[in-house]
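Enquirer: Below you'll find the structure I mean.
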Amino acid sequence: MGIVIYHHDPVEVDPKTSWTGLCPSLAGASYVDITKCREKQIVECFAYARPDAVISVDGKVVVSIEQTQMNPSGHNIPQRFSCLVRAAELGIPSILYYPAYSRRTFSDPNVRYLQVRVPLAQKRMSQIYGVPSLSVFWPTNSKTKLPATDQPAHRPMATVIESLVVNAVNHGNLLKLVEVRAALQTMDEMIKRFAARYKQNSSVRKLLRDGFPGASANGLTVDPPSGVVLYQTADFVRSLPKMMSTDQGRAVASRLNRRNLTLVYTGTANKMGNDSEHPWPGYLTLFDMLYVRTDTGRKATERLHNLVYRLPVPVQTFVARANQSNPPTATYIVDSFADLVILNGGAVPGRPGRGDAVAYSIPC
């Protein structure tokens, strides 16, 4: 088999120190800088954001990988979710390799714990697309409480990768592979271990007494964070009275009103004030998969509820960036997943509603 490992950081896939050296099937693999890749099947994985690594076998992509030693409780993990979504859309297995718990630094003694919405959303995405999307947990050194750095610690990651590579030519259900099932079971165990730490979202429980059914596991339902607000769509539309002042605005309002509930998420602008700060677009894709998609929804149009994004950026700035031939990554992700983007001075209907038509603004 002709195996190629496309990578962003050579250190992360160094066969002398990383999981790659523990996979017998990768012994003769070629290593290619992913930023220089022009292979169509690989580049298709970059639609939302470029993953850390991609492995192909005889030209077929067999797994897309995101990996980090950063502590798991912050924004570093969810911000990577769009890469996992893109892999699922293409029918490609994906792995997010990160610690389930760890300290941030030697100077900070406090251990941070798993952001359980990530594996919950991966499990739901695996069911929707019928392809594995896995959290594989980077082992934590029991003494330092930091991510383990010795190569043997990466054995669990190597075991899953080896299975996916060896079965690359097998067109069976990859979710049934022993190694994949074991990884999913470990995800369940970690969700059960940490899910009780999460508080209920009052806006969600006001309208959905038991929370979102797709975000339930082991008898616990995990709500969106407090910064996310769930509305009755009719109430949400009434809160934007200017929307009804134009034909385009009324058409958007009518489209939103086809769904009873609307989930609204507020992001932060970057330092230049022209786009989203890095983590928020990734979060948006996670909320889509975990809270608003139907159980079979493979497209952003197949939703139970509307997904709205607020961003303090001038509306015309967003429109101009969205209409570029190659839009900036953060703009493109938001535009591709939000039913409506509320900005300074107006709003923009996202691609789920307008399709491939050019972006345009409406009053709100």
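Values quoted throughout were computed directly from the atomic coordinates according to the rules given, and no laboratory measurement underlies them. The structure displayed is predicted, hence computed values, not measured ones. Here the Cβ is made from the backbone with ideal geometry for all residues, glycine too, and neighbour counts use every protein chain on show.
Enquirer: Can you give me the C-alpha center-to-center distance between region 203-233 and region 31-85, rounded to a whole angstrom?
Expert: Using only Cα atoms to place each centre, the spacing works out to 30 Å.
Enquirer: Working from the alpha-carbon coordinates of region 3-196, get Rg over Rh, Rh being the Kirkwood radius.
Expert: Taking Rh as the inverse mean 1/r over Cα pairs, Rg/Rh reads 0.94.
Enquirer: Report the residue, chosen from Cys23, Cys83, Cys37, that carries the largest GNM mean-square fluctuation when the chain is represented by alpha-carbon nodes joined by springs under 10 Å.
Expert: Comparing Cys23, Cys83, Cys37 in a Gaussian network model of the chain, the most mobile one is Cys37.
Enquirer: Just for the chain, what percent of DSSP beta bridges are antiparallel, to the closest 5?
Expert: 55
Enquirer: Given the Cα-Cα distance of Tyr113 and Asp33 and 0.36 nm per residue of separation, how much length would full extension add, in nm?
Expert: My answer for the length gained is 25.6 nm.
Enquirer: Taking amide H positions as placed 1.01 Å from N in the peptide plane, with prolines and chain starts having none, which residues 5 or more places from Leu261, or on another chain, fall under 5 Å of its amide H?
Expert: It is Thr233, Asn306, by chain and number.
Enquirer: Here's something else I'd like to know. Pulled fully out, how much extra length does the chain show between Met272 and Ala182, if you take 0.36 nm times their separation in residues and subtract their Cα-Cα distance?
Expert: My answer for the length gained is 28.0 nm.
Enquirer: Hey, rough spin-label estimate for Asn323 and His75, points 7 angstrom out along Cα→Cβ, what's it come to in nanometres?
Expert: 2.9
Enquirer: Within region 3-196, how many lysine pairs that are 8 or more places apart, or on different chains, have C-alpha atoms less than 29 Å apart?
Expert: Taking the Cα cut-off of 29 Å, the pair count is 16.
Enquirer: Averaging the inverse of every distinct alpha carbon separation and then flipping it gives the Kirkwood radius. What is it for region 1-97, in angstrom units?
Expert: Taking every pair of different Cα atoms in region 1-97, averaging 1/r and inverting gives 13.6 Å.
Enquirer: So, with +1 on the Cβ of K and R and -1 on the Cβ of D and E, and no other charges, what is the size of the charge dipole of region 34-119 about its Cα centre, to the nearest 20 debye?
Expert: That gives region 34-119 a dipole magnitude of about 180 debye.
Enquirer: While we're on this one: Quote to one decimal, in nm, the extra length available between Ser239 and Asp150 on full extension: 0.36 nm per residue of separation minus the C-alpha distance between them.
Expert: Length difference between fully extended and current span is 26.5 nm.
Enquirer: Mind listing the long-range amide H neighbours of Val136? Cut-off is under 5 Å, sequence gap 5 or more, other chains count too, H placed in the peptide plane at 1.01 Å from N.
Expert: Hits under the 5 Å cutoff: Leu96, Tyr97, Tyr98.
Enquirer: Still on this structure, please answer the following. If the cut-off is 17 Å between C-alpha atoms, which aspartates and glutamates fall inside it for Lys299, apart from same-chain ones fewer than 8 positions away?
Expert: Glu44, Glu89, Asp288, Asp335, Asp339, Asp356
Enquirer: Taking the beta-carbon count within 10 Å as an exposure proxy, list Val222, Val292 from fewest neighbours to most.
Expert: With the sparsest Cβ surroundings first, the list reads Val292, Val222.
Enquirer: Right, here's the next one. I want to make sure I understand the PRE zone here: with the label point 7 angstrom from the Cα of Phe106 toward its beta carbon, which residues in region 55-72 have backbone N atoms less than 19 Å away?
Expert: Inside the label zone: 69-71.
Enquirer: May I ask for the Rg/Rh ratio of region 135-290, computed from Cα atoms with Rh as the Kirkwood radius, given to two decimals?
Expert: My calculation puts Rg/Rh at 1.08.
Enquirer: Oh, and also: If you scale each eigenvalue of the Cα gyration tensor by 5 and take the root, what three semi-axes come out for region 228-354, rounded to whole angstrom and sorted largest first?
Expert: 21, 18, 13
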